[in-house]
Amino acid sequence: MAVKFTQEQIDSFITDREEKLASFAWDDYKKMFPERAKEIGARDTAGIAYLTKGVKKAKIYMAGYENDPQFNRWLSGYLGLQFHIGENFDEHPFTHKILTEKLWHPYKRVDILMKILAV
């Protein structure tokens, strides 16, 4: 007999996973960049919420690749961009154009922005 899940249970699982990924990223970033972490939020819950929004946005830009083995690596790259640049960095016309460019693979789009940030 198959186990049946309600849509509410599935949504709850997805939300929990997003928060867990954001929590892992927050722990790493606050250790590496404590000053920037303080600017984002003094409490861990604020930082995790900040990066959870990034996970949701990244999933939009990388839609269709959720089951790819490299997905979490590039999701982490997107979260790094959000952590360093700001929550709404993807709304700027320049970055939005790169993130929505159809000729490039979604991972290439994130890679380009990460290299621009590094420079």
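The values are calculated or read from the model by the stated rules, or taken from the named source; none is laboratory data. Being a predicted model, the structure only gives us computed values, none of them experimental. No Cβ is skipped: glycine too gets one built from the backbone with ideal geometry, and neighbour counts run over all protein chains shown. For the accessible areas, the whole protein counts, side chains as well, though only heavy atoms, and no ligand, DNA or RNA atoms are used. Shrake-Rupley method; radii C 1.70, N 1.55, O 1.52, S 1.80 Å.
Under a crude label model (7 Å from the Cα following the beta-carbon direction), how far is residue 60 from residue 104 in nanometres?
1.8
Among the aspartates and glutamates, which fall within straight-line cross-link reach of residue 30, defined as a Cα-Cα distance under 20 Å, with same-chain neighbours fewer than 8 residues apart omitted?
18, 19, 39, 44, 87
Need one number: nm distance between label points at residue 72 and residue 118, each 7 Å from Cα along Cα→Cβ, rounded to one decimal.
Rounded to a tenth, the inter-label distance reads 2.3 nm.
Give, in nm to one decimal, the length gained when the segment between residue 97 and residue 19 is fully stretched (0.36 nm per residue of separation minus the Cα-Cα distance).
Going from the current span to full extension adds 25.4 nm.
Over the chain, average the accessible area per residue using a 1.4 Å probe and give it in Å², no decimals.
That works out to 66 Å² per residue.
For the chain, what % of the accessible area comes from carbon and sulfur atoms, probe 1.4 Å?
Carbon and sulfur: 59 percent of the exposed surface of the chain.
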